[in-house]
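The values are calculated or read from the model by the stated rules, or taken from the named source; none is laboratory data. Computed from a prediction, not measured in an experiment: that's the story for all the values here. Positions of Cβ are backbone-derived with ideal geometry, glycine not excepted, and every protein chain shown enters the neighbour counts. The accessibility values were calculated without ligands, DNA or RNA, using every heavy atom of the protein model including side chains. Shrake-Rupley method; radii C 1.70, N 1.55, O 1.52, S 1.80 Å.
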Amino acid sequence: DPENQSGMAHLAEHLYVTGATDKRPARTVQEYVKAYPDGWNAQTGDDYTVIATVFKPDRLPAEIDDAAERMKKITVTQADLQRELPRMQQELENMYERMPSLAARNLGRERLRPLASGGRRGGVIEQLKTISVEQIQAWLDDHYKPDNAVLVLAGPFDRDNARQLLTKHFAGIPTGSVPAKRERPQMKGERRIEIAARTYRPDEPVRVGLTFAAPTPDDELYPAFLVHAARMQMAGRQLVKDMRDFPVAYMPIDQPGFLFVTLPVDSAGTSDQALERLKNFVDEQTGRELGRGEGMRAKTAMGLLLGGLPARFQAQNPYGTAFSTGRRHQMQIDAAKLTAAIENVTDEQLKLAQQSFFDDSKSVAVIVRPNK
């Protein structure tokens, strides 16, 4: 069923981490977390899955061996599916209902840019429960192979030794098949969504959000869009009282296709008033002329995308360094060219970007009301 494709990728991510290989038994996610106290991550985006671990340098041979074993073969059982489906159900509930700030983003994203398969990002738990062992096994065997993979190492290691280990362990693994690229469908439905959500907190305020579609990196207005995104992120804190809240989210590595602006509704206001406040904020920030040094500030804000973070910061976050390096390769980002373009953005480009990406008619509004 093509509607299961995003859910299949999400489920495969879980099983790739926890499933058994020829050398190692299946494990729970708790066992996985315990094995990587320095950090780990596994997530699936629109066009990628990242599996990442952070470990001491002396573990490099064992980690390369484990990565190769998982790429050779993950053996899935019915017990594996039964173990992972409850975790996936909780993740999907968080994404689309229980955590209003996430729900506002994800619902807006689904409406603004639907998937070509017709499904929902992350999947629908009722559909995922119908996936068979044979279906998920075939997906893993076909997709999680060298032709679809970028392996990135970041940290203190010997290059020659690492290359020898990679050649030894990965040579001979079947290459797999590359998924076909799909046309992006047009948005369908109203540009306003309202849901009653089963939130964790009974006193959770109503959350409103605006979602905007971002251009692709090869768009000539992409540098100007990044300047707008950076200035909105810096100015966004003025929208909220809680400093733990980040109302503006643009994640050029994780979710490069969308920019989100969300806001809790004040007890004295209405959801429509909060949405109007968001729209005024976007108009104000994107309508300003280029400020002195703004291109340089945008370059700093997009440091992971551009690979321009100082070495000391990269050393403190080897995961971020590795993930961003792999994504730049996958997205075909020319970091030097993009950096220069950001530094030389003009007022005319900013105005065109505002009209192209931030016009009110191009956004999706979402209202998430806790079901009390």
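Per this entry, Val54 is not counted among residues that are within 21 Å of Gly155 (Cβ to Cβ), free of Cβ contacts under 8 Å to residues at least 24 places away in the same chain and among the aliphatic types (A, V, I, L, M).
The conditions of being part of a loop (DSSP other than H, G, I, E, B) and touching an Asp or Glu at 6+ places or on another chain (Cβ under 9 Å) are not met by Gly155.
Looking across Arg87, Arg83, Arg111, one residue alone is of a type in the set (D, E, K, R), in a helix (DSSP H, G or I) and in contact with a strand residue (DSSP E or B) (Cβ under 6 Å, 6 or more places away or on another chain). It is Arg111. Pick from region 37-49 the residues that are touching a residue at least 60 places away in the same chain (Cβ under 8 Å) and touching a Lys or Arg at 6+ places or on another chain (Cβ under 8 Å): which of them is nearest to Ala322 (Cα to Cα)? The extreme case among them is Tyr48. Contact map, region 13-36: residues that are part of a helix (DSSP H, G or I) paired with residues that are open to solvent by less than 70 Å² (accessible area, probe 1.4 Å) and among the aromatic types (Phe, Trp, Tyr), Cβ distance under 8 Å, separation 6+ or inter-chain. Pairs shown: Tyr16/Tyr144; Val17/Tyr32; Thr18/Tyr32.
Annotation for region 213-220: at least one member residue is open to solvent by 10 Å² or more (accessible area, probe 1.4 Å), at pLDDT 95 or above and more than 22 Å from the chain's Cα centre (by Cα). Taking each residue of region 173-187 that is at positive phi and looking for partners that are at pLDDT 75 or above and open to solvent by 70 Å² or more (accessible area, probe 1.4 Å) with beta-carbon atoms closer than 8 Å, six or more apart or interchain, yields Gly176/Asp147.
Scanning region 233-247 for residues that are surrounded by 14 or more Cβ atoms within 10 Å (Cβ to Cβ) and within 23 Å of the chain's Cα centre (by Cα) yields a total of 8. Scanning region 165-186 for residues that are surrounded by 12 or more Cβ atoms within 10 Å (Cβ to Cβ) and part of a helix (DSSP H, G or I) yields a total of 5.
Would you be able to say whether some residue in region 304-323 is charged (D, E, K, R) and in contact (Cβ under 8 Å) with a residue 24 or more places away in the chain? Let's see the steps before the verdict.
Let us first name the residues in region 304-323 that are charged (D, E, K, R), namely 312.
Checking which are in contact (Cβ under 8 Å) with a residue 24 or more places away in the chain leaves us with none.
No, that holds for no residue.
If you check Arg327, Arg297, which single one turns out to be open to solvent by 40 Å² or more (accessible area, probe 1.4 Å) and of a type in the set (Lys, Arg)? Residue meeting the stated conditions: Arg297. For region 131-141, indicate whether the set of residues that are surrounded by 15 or more Cβ atoms within 10 Å (Cβ to Cβ), outside any helix (DSSP H, G or I), in contact with a strand residue (DSSP E or B) (Cβ under 7 Å, 6 or more places away or on another chain) and modelled with pLDDT under 95 is non-empty. Within region 131-141, none of the residues are surrounded by 15 or more Cβ atoms within 10 Å (Cβ to Cβ), outside any helix (DSSP H, G or I), in contact with a strand residue (DSSP E or B) (Cβ under 7 Å, 6 or more places away or on another chain) and modelled with pLDDT under 95.
Find the helices (runs of 4 or more DSSP H) located wholly in region 240-322 whose residues include 3 or more that are of a type in the set (Gly, Ala, Ser) and on the phi < 0 side of the Ramachandran plot, and list them.
On the way: elements: 271-287, 294-301, 303-306, 311-316.
So the answer is 271-287, 294-301.
Can you say whether Lys145 is open to solvent by less than 50 Å² (accessible area, probe 1.4 Å) and among the charged types (D, E, K, R), as far as the supplied structure shows?
On the way: open to solvent by less than 50 Å² (accessible area, probe 1.4 Å): yes; among the charged types (D, E, K, R): yes.
Considered against the rule, which asks whether it is open to solvent by less than 50 Å² (accessible area, probe 1.4 Å) and among the charged types (D, E, K, R), Lys145 comes out as yes.
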